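Notes to accompany the following structure.
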Amino acid sequence: MAEKLAPREKGFSEWYVDVVLKAKLADYSDVKGCMVIRPNGYALWENMQRVLDRMFKETGHRNAYFPLLIPESFLRKEAEHVEGFAPQLAVVTHAGGKKLEEPYVIRPTSETIINSMFSRWIQSYRDLPMLLNQWANVIRWEMRTRLFLRTTEFLWQEGHTCHETDGEAEAETLRMLEVYRTFAEDYMAMPVLAGRKSESEKFAGAVRTYSIEAMMQDKKALQAGTSHNLGQNFARAFNTAFQGRDGQQHHVWQTSWGVSTRLIGGLILTHSDDAGLVVPPKLAATHVAIVVIGKGEERGPVLERAQAVAADLRRTGLSVLVDDDDTKSPGFKYYEHELTGVCLRMELGPKDLAKDQAVLVRRDDRAKVTVPLDAVVTQAQAMLDAMQASLFARAKQFRTDHTFEVNSMEEMKARADDGFLLAHWCESPACEAQVKEQTSGVTTRNRPFDLPQKPGTCVVCGQPSPGRMVFSKAY
RNA sequence: CGGGGAGUGGCUCAGCCUGGUAGAGCACUUGGUUCGGGACCAAGGGGUCGCAGGUUCGAAUCCUGUCUCCCCGACCA
């Protein structure tokens with residue numbers, strides 16, 4: 001069942017596909033560009049959803065649901081928006097056995113249809129802020145797809161908010177980006193750079209776009225979440241307006257922000273290894289797998305004890321699997337649980353039972369410890385905490401080791417595949433395009449808030465630069 | 001969409017060049033023995049050879065088209 005994985009060294013892409021397929025996270029479907037998320041993968045998404053949903057509620061947002069189908073004319077109301085999405089739209093032209101009067105597009109994102117409702121719901125400044133979130137699927141037609149990272153249909157959440165002032169909208173945009181940063185770092189154990197996107201990389205229809213960018217194990221960047229200050233662009237297009245404190249009509253100031261099932265790809269690309277999936281404990285579907293060892297009548301007492309330990313562990317909120325399958329050898333199960341990303345393995349056999357102990361093995365470093373049975377619960381907790389911290393620390397160290405300041409185009413070209421490149425850039429799209437062309441694919445990722453900005457000169461044209469920007473090849 | 005590679009039981013692949021009744025290993029089922037890093041013996045089930053046309057007495061094999069996946073580019077979360 002669990003065949004050997006393609007090693008990362010030999011081909012990173014093949015390794016990634018192997019992990020997804022063999023850990024049974026997802027499978028290819030018969031629909032071009034679309035995948036099936038299998039229970040192992042969906043469990044990760046459910047865990048992400050649970051945490052994020054709580055964070056959204058804690059920041060005052062409420063969930064709602066809008067239609068999958070959007071009248072084509074809605075998309076056209078915001079010029080930049082339709083231009084940005086036109087090539088990626090799937091359009092429904094027939095329904096009910098007839099050609100439709102007006103085609104529907106399948107939502108690539110919901111700003112337009114949500115604004116059509118906002119404009120009906122909002123009359124006064126007293127109706128603001130309006131803070132909504134939607135968990136949904138969207139479709140964006142893609143030329144080239146990759147499991148989780150880019151598929152034609154994907155699952156995500158999209159937050160949509162309306163505010164009285166530009167300042168409030170900007171604050172909301174940054175607040176939600178910070179929520180994403182917290183989620184990425186504290187739960188996914190994936191260090192990210194939060195910052196502002198360039199003009200050419202921003203969302204079609206936004207005034208400003210911010211992102212969190214993570215570095216994957218192949219040193220490429222993954223945009224893991226985006227938060228947009230939409231200004232009044234959609235409000236004007238849909239006449240989403242309110243009577244202000246001054247008695248005058250004003251268009252609302254809006255934001256939108258989203259993360260998607262792409263995060264699962266990010267999780268895999270950040271932590272997994274040649275033995276398979278590695279998941280940080282805070283998001284893992286299974287925290288502990290107890291492998292029952294023993295034959296014949298010695299098996300009974302071992303199983304009984306395993307069940308008791310499992311019950312103790314579950315009482316502390318952990319997800320525990322008691323692996324009592326006697327048709328597979330223990331060794332086989334070890335590989336299997338490593339492949340599917342179980343955080344901790346507990347081996348329990350007759351010899352252990354005689355000594356009132358068990359063996360615990362961490363998934364990430366495979367460190368093996370023998371602990372007294374009555375200490376398993378506290379030890380397991382400690383090991384999971386340590387693993388969570390160590391995954392983050394290791395990923396952060398990796399990023400540090402592959403981040404470089406570059407001061408010329410020559411250096412930029414030489415280091416194109418080496419990771420994050422911090423370079424001065426004059427903010428002109430032309431220079432950005434130059435870099436992309438000459439390095440075969442290095443693009444601006446964002447201008448991180450945490451990167452001190454000191455003036456310099458653009459690596460392309462030599463004109464003044466306000467500070468260093470992160471450049472990298474990206475997913 | 002352009003360049004390169006690949007589609008044959010669930011998986012990895014052989015067979016194709018040189019057409020002639022579809023194979024192996026692993027997995028699966030049953031019975032038995034096993035169990036501390038991928039157990040063993042025996043018996044068994046399972047494939048319109050990606051799909052659609054064509055050539056031929058006969059096609060996994062030759063020809064054409066098409067779909068899908070992988071790798072490298074162009075577009076994107």
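Tabulated results
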item	result
Per-pair calculated FRET efficiency, R0 = 22 Å: A:Asp324 and A:Ala375 via Cβ, rounded to 0.05	0.45
Cα pair distances in chain A, grouped into 20 Å bins until the bin that holds the longest one, percent each	22, 49, 25, 4, 0
Within chain A, percent of DSSP bridges classed antiparallel, to nearest 5	80 percent
Sorted peptide list for A:441-452, A:167-178, criterion being average Cβ within 10 angstrom, highest first	A:167-178, A:441-452
DSSP bridge pairs, the stretch A:403-472: antiparallel proportion in percent, nearest 5	70 percent
Within-13-Å neighbourhood charge of A:Met130 [Cβ basis; K, R +1; D, E -1]	-1
Cβ-placed point charges (K, R +1; D, E -1), dipole of chain A about Cα centre in debye, nearest 20	220 debye
Estimated FRET transfer efficiency when R0 is 30 angstrom, pair A:Glu411-A:Lys24 (beta carbons, to 0.05)	0.10
Gain on full stretching of the segment that runs from A:Glu101 to A:Ala367 - 0.36 nm per residue minus C-alpha separation	89.3 nm
Cα centroid separation, the stretch A:323-357 to the stretch A:365-392 (Å)	15 Å
Of the chymotrypsin sites (Phe, Trp or Tyr not before Pro) in the stretch A:145-175, those whose Cβ has at most 16 other Cβ within 10 Å and which sit in DSSP loop	none
Charge dipole magnitude, Cβ of K and R +1, D and E -1 - the stretch A:39-184, Cα centre, debye nearest 20	560 debye
Gain on full stretching of the segment that runs from A:Asp450 to A:Glu199 - 0.36 nm per residue minus C-alpha separation	88.4 nm
Dipole magnitude of the stretch A:12-271, debye to nearest 20 (Cβ charges: Lys/Arg +1, Asp/Glu -1, about Cα centre)	440 debye
Charge tally in the Cβ shell below 11 Å around A:Asp364, where Lys, Arg are +1 and Asp, Glu are -1, A:Asp364 excluded	+1
Computed helical MRE - 222 nm, chain A, DSSP H runs ≥ 4 contributing -39500 (n - 2.57), nearest 500	-10500 deg cm²/dmol
Selection from A:Ala433, A:Met469, A:Phe404, by position along the positive dipole direction of the stretch A:403-472 (Cβ)	A:Met469
Gain on full stretching of the segment that runs from A:Lys295 to A:Lys355 - 0.36 nm per residue minus C-alpha separation	19.8 nm
Peptides ranked, highest mean first, by Cβ atoms within 10 Å: ranges A:263-275, A:389-401	A:263-275, A:389-401
Cleavage-rule hits (trypsin sites (Lys or Arg not before Pro)) in the stretch A:93-155: DSSP loop, at most 10 neighbouring Cβ within 10 angstrom	A:Arg144
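Coordinate-derived values only; no laboratory data. In this text, all values refer to a predicted model and were calculated from it rather than measured experimentally. Quick reminder, even Gly has a Cβ in these numbers, built from the backbone with ideal geometry, and neighbours come from all protein chains shown.
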